[in-house]
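What follows is a single structure, written as structure tokens, with notes after it.
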Ligand SMILES: Nc1nc2c(c(=O)[nH]1)N[C@H]1C(S)=C(S)[C@@H](COP(=O)(O)OP(=O)(O)OC[C@H]3O[C@@H](n4cnc5c(N)ncnc54)[C@H](O)[C@@H]3O)O[C@H]1N2
Ligand code: MOO
Ligand SMILES: [Mg+2]
């Protein structure tokens, strides 16, 4: 097993004079050894002197040392010069690494703002400045620990080292529960000797960013809807809020003569009315011109009817006050004001609000087709055939589109054939904006989707995502045409539809970016789960226990088992496993994407 060399340089006048005071240096050494079984760590102490610090660093840079941690000398004191001494030695800055450290430290204490440590690459060596305290180095090391194997591989740019980095540093400690760690950067060249996928395994968030960067909007909802003003007042007349009697508020309570009845739909009555007179009126009916208030029927007594049964005299018990139970003209929405107080593209909202002002706009929606690939697929109404399976993805994706308010214009099932796939996609894209395809995107010699896209001159933005399920997800575009290649396993297709295809379609349909992805909540985990090397999106039912949202996993999570979507309210986001974090524990809180509106399965 190859050794990976680390250097730890303590930078402190005090420790230089009295090494027994050096606590953070030995602490770092222990942390490195505990984390990486094949690590060899050299350590040294330098005073806060620019030249001596550089001398110490240069002893290690460019030799076999892959990572140097410095501790101390990063503060605001006049002799704190570690960042300056480091800066002139590095060839390439790593500001984001420094940012991650700062961010994590700031979460613990705002005094972290007084540390000026930098990170950078000097030849083949990564230098990381950490503060001087033992507590700070422990916290900062925990922040960067998992990044180191990948960082080392990237700096050295060696595929063999990637593998070694995996196998030796992270995965194969005899006591490590994490075997087979997956490096998101790992890509092969697809040749006979390296048959790994040529597509880098991108983080989920990077794929979402690629989607938002590349998908164009097919409609400008801002211009079309959000800036639209009302052509009418609601209500268009002063309307009664109650069933009761309309009168003048100046007439006070007491006995009043009933002049007639006004029902919803009647024209506003403009006959004169004295203070001791009133009209019987229904909810929603227009107030008589002479009236300024309504007293509800419960606050009146019927005193007299005529022989036809019509009311003649009523006793008004409650005091009539101006405006009582009257909705003024334009109270709910006035002419020329915005119809939508905020952008909300839900079809229910848009269509009903437009209807309320007497308008109808057919907002252009993305044109979407669903394609299922697989020579093994039978339609659900076919008689069973040996070797074939029923196609569930077509139905599932069609229903999902409908559930989220989009339409599927066409569905097609294709066998695993290059030309058939190419011709069909070519035809579909004559009309469609989106093709949501499932199957045929992984590593098999019948997985033709990626080659077909290349043949059709699509740009493949993503061919693999670091997630489970859904690894081979493919996203490609050509001008204003977009292709999602969801992995064929039904649950992978289900999860990747929600995580990627839905946000893309919503974005194209004009939704605000922060509304495109499923809403997220926090849930308490009810099952202990071993973590996969890939971040995992686990289907679970939500149970509200006295208001606390708890999530129970829906059985076996293998991506072929469609039953795991039964009762699935959320996708719990579990992180990838590390040597220190092999499991997700019961009672721990995790973020979860909400799959459906009725997302609480049970109340306890
Ligand atoms: N050598 C490797 N093999 C596989 C890898 C890998 O990285 N290296 N990835 C695996 C992962 S992860 C997934 S997910 C699948 C995805 O494969 P494809 O997208 O190529 O899909 P197919 O191979 O066509 O089918 C996979 C599976 O799903 C069933 N299927 C497909 N379509 C439907 C449908 N419409 N209804 C129901 N079931 C469907 C199909 O019969 C297969 O069993 O690849 C792994 N392989
Ligand atoms: O990504 Mo696959 O979906 O792990 O089965
Ligand atoms: Mg396949």
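Bear in mind that the values in this text are calculations on the coordinates, not laboratory data. This one's a predicted model, so the numbers in the text were calculated from it and none came from an experiment. Note that each Cβ is placed from the backbone with ideal geometry, even for glycine, and that neighbours are counted across all protein chains shown.
Annotation: the antiparallel percentage among DSSP beta bridges lying fully within the chain is about 55. Sequence-distant contacts, meaning Cα pairs under 8 Å at least 6 residues apart, place the relative contact order of the range 491-598 at 34 percent. If you take the Cα centroid of the range 582-604 and the Cα centroid of the range 497-546, the two points sit 10 Å apart. Distance from the Cα centroid of the range 443-472 to that of the range 230-250 is 62 Å (rounded to whole angstrom). Both radii are taken from the alpha-carbon atoms of the chain; with Rh as the Kirkwood radius, Rg/Rh is 1.15. Computed over the range 465-599, the convex hull of the alpha-carbon atoms projects to a mean area of 8.9 nm². Only bridges with both residues in the range 239-327 count here: give the DSSP antiparallel percent, nearest 5. Bridges in the range 239-327 are about 85 percent antiparallel. What the Cβ-Cβ distance of residue 87 and residue 114 gives, at R0 = 25 Å and to the nearest 0.05, is a FRET efficiency of 0.85.
Ordering of 283-291, 241-249, 489-497, 271-279 by packing is 489-497, 241-249, 283-291, 271-279, highest average first (other Cβ atoms within 10 Å, averaged per residue). Across the range 71-132, the mean sequence separation of Cα contacts (distance under 8 Å, 6 or more residues apart), normalised by length, yields a relative contact order of 46 percent. Counting only alpha carbon atoms, the long axis of helix 418-431 and the longest principal axis of the chain meet at about 40°. Relative to the first principal axis of the alpha-carbon coordinates of the chain, what is the inclination of helix 95-108, with its axis defined by its Cα atoms, in degrees from 0 to 90 and to the nearest 10? Between helix and principal axis, roughly 70 degrees.
For the range 46-142, DSSP calls about 55 percent of its internal beta bridges antiparallel. Remark: 449, 594, 435, 312 ranked as 312, 594, 435, 449, counting other beta-carbon atoms within 10 Å and listing the fewest first. Taken over the range 239-327, the alpha-carbon convex hull comes to 79 cubic angstrom per residue. When 52, 41, 548 are sorted by how many other C-beta atoms sit within 10 angstrom of their C-beta, beginning with the fewest, the order is 548, 52, 41. Across the range 520-603, Cα-Cα pairs farther apart than 21 Å form 22% of the total. Ranked by how many other Cβ atoms sit within 10 Å of their own Cβ, fewest first, the residues 106, 456, 9 fall in the order 106, 456, 9.
Once the C-beta distance of residue 356 and residue 100 is scaled by a Förster radius of 41 Å, the resulting FRET efficiency is 0.25 to the nearest 0.05. Remark: spin-label model distance residue 13-residue 257 equals 10.5 nm, labels positioned 7 Å along the Cα→Cβ axis. Short-range pairs are left out: with C-alpha atoms under 8 Å and at least six residues apart, the relative contact order of the chain is 10 percent. Between residue 44 and residue 556, the C-beta separation translates, for a Förster distance of 51 Å, into a calculated FRET efficiency of about 0.45. Helices in the chain, meaning DSSP H runs of at least 4 residues, each add -39500 (n - 2.57). Divided by all residues, the mean residue ellipticity at 222 nm is -7000 deg cm²/dmol. State the percent of C-alpha pairs, over all pairs in the range 389-482, separated by a distance greater than 15 angstrom. The answer is 64 percent, as a whole percent.
Against the main long axis of the alpha-carbon atoms of the chain, helix 134-144 sits at an angle near 80°. Between residue 349 and residue 430, full extension at 0.36 nm per residue minus the direct alpha carbon distance yields a gain of 26.0 nm.
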